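Notes follow once the structure below has been shown.
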Amino acid sequence: MISDPDWTPERAGQRLELSEIDFRLATHTLVEAGLLQVTAGEGGFAPVAPEAAVARLLAMEEESSRSRSSELRERRSTLSTLASNLPLLQARASSDTRIEVLTGQERIAKALDGVSVSAGKEILSMHAGSPLPGEALEASRERNRAVLDRGVAMRSIHLESMTRMPYAQAHLQALKESGCQVRMTPVLPFRMILVDGVRAYVSRPARGSLMTALDAA
């Protein structure tokens with residue numbers, strides 16, 4: 001375009017040996033990258049000055065870097081809160097803590113239903129492992145909405161692999177829309193739900209085909 005001001009899409013496509021579809025895809029990519037701008041004139045596109053294109057790409061990268069830094073700080077904050085409460089739970093485990101083993105999805109769900117009623121301040125959670133089945137996630141969304149509607153704060157950390165499954169991605173979006181603070185991370189040690197800093201539900205190895213969890217209070 002720069003070397004041939006009288007260019008046309010047809011002539012450019014022929015010169016580059018691109019089909020009409022490939023040419024459209026190429027121009028779309030260049031527009032997204034800020035190297036082309038859409039115009040009302042003949043041809044429909046005009047090149048962007050190289051220095052302007054480079055400045056735009058740098059600005060986009062800086063904004064992306066700031067966003068990643070902000071998310072990292074928030075993930076650290078949530079994990080630090082979880083970590084700071086673990087010694088308290090461990091100390092209680094050696095004294096008067098009640099620990100119960102919950103076996104089976106139905107029993108675990110019933111216990112979490114109780115949490116949606118008893119939580120008073122906040123629920124912190126991290127979700128390691130494979131995403132729960134769609135039915136279990138749907139049930140958890142109902143509990144989460146009930147908790148958030150009562151004014152209880154919720155913060156959760158999920159694995160980035162969740163975003164690669166449509167039903168799991170939809171679950172994350174529903175959490176955000178309900179008011180839960182959702183953060184993503186590549187790796188998590190285990191699944192845990194911490195209620196008001198005094199009660200925890202921690203995953204443990206399954207018994208055969210049955211999910212199991214520890215209920216510590």
Fill in the blank from the handout: Residue hits (region 182-217; part of a loop (DSSP other than H, G, I, E, B) and more than 20 Å from Ser118 (Cα to Cα)) are Pro186, Val187, Leu188, Pro189, Phe190, Arg191, Gly208, Ser209
Fill in the blank from the handout: So, first residue touching a residue at least 12 places away in the same chain (Cβ under 8 Å) in region 115-137, second residue loosely packed, with under 13 Cβ neighbours inside 10 Å and part of a loop (DSSP other than H, G, I, E, B), Cβ within less than 7 Å, six or more apart or across chains; the pairs are Ala128/Pro189; Ala128/Phe190
Completion exercise
Filtering region 81-104 down to residues that are open to solvent by less than 70 Å² (accessible area, probe 1.4 Å) and at pLDDT 75 or above yields Glu100, Val101, Leu102, Thr103, Gly104
Handout entry: Residue ID - nearest to Thr185 (Cα to Cα), chosen from residues in region 26-48 that are surrounded by 11 or more Cβ atoms within 10 Å (Cβ to Cβ) and aliphatic (A, V, I, L, M)
Key = Ala33
Practice task
Could you run through region 153-181 and say how many residues are surrounded by fewer than 17 Cβ atoms within 10 Å (Cβ to Cβ) and assigned to a strand (DSSP E or B)?
Solution key: 2
Handout entry: Meets criteria (over 18 Å from Met192 (Cβ atoms), open to solvent by 20 Å² or more (accessible area, probe 1.4 Å) and in a loop (DSSP other than H, G, I, E, B)) for Gly129
Key = no
Problem - Some residue of region 137-150 being outside any helix (DSSP H, G or I) and surrounded by 15 or more Cβ atoms within 10 Å (Cβ to Cβ) - result: no
Practice task
Only residues that are out of contact with any Gly (no Cβ under 8 Å at 6 or more places or on another chain), on the phi < 0 side of the Ramachandran plot and either open to solvent by 60 Å² or more (accessible area, probe 1.4 Å) or modelled with pLDDT under 70 (or both): list them for region 2-21, please.
Solution key: Ile2, Ser3, Asp4, Pro5, Asp6, Glu10, Arg11, Gln14, Arg15, Leu16, Leu18, Ile21
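The values are calculated or read from the model by the stated rules, or taken from the named source; none is laboratory data. It should be emphasised that the depicted structure is a prediction, and the values quoted were computed from it without experimental measurement. Don't worry about glycine lacking a Cβ; one is built from the backbone with ideal geometry, like all the others, and counts go over all protein chains shown. Note: accessible area is taken over every heavy atom of the protein model, side chains too, but ligands, DNA and RNA are not part of it. Shrake-Rupley method; radii C 1.70, N 1.55, O 1.52, S 1.80 Å.
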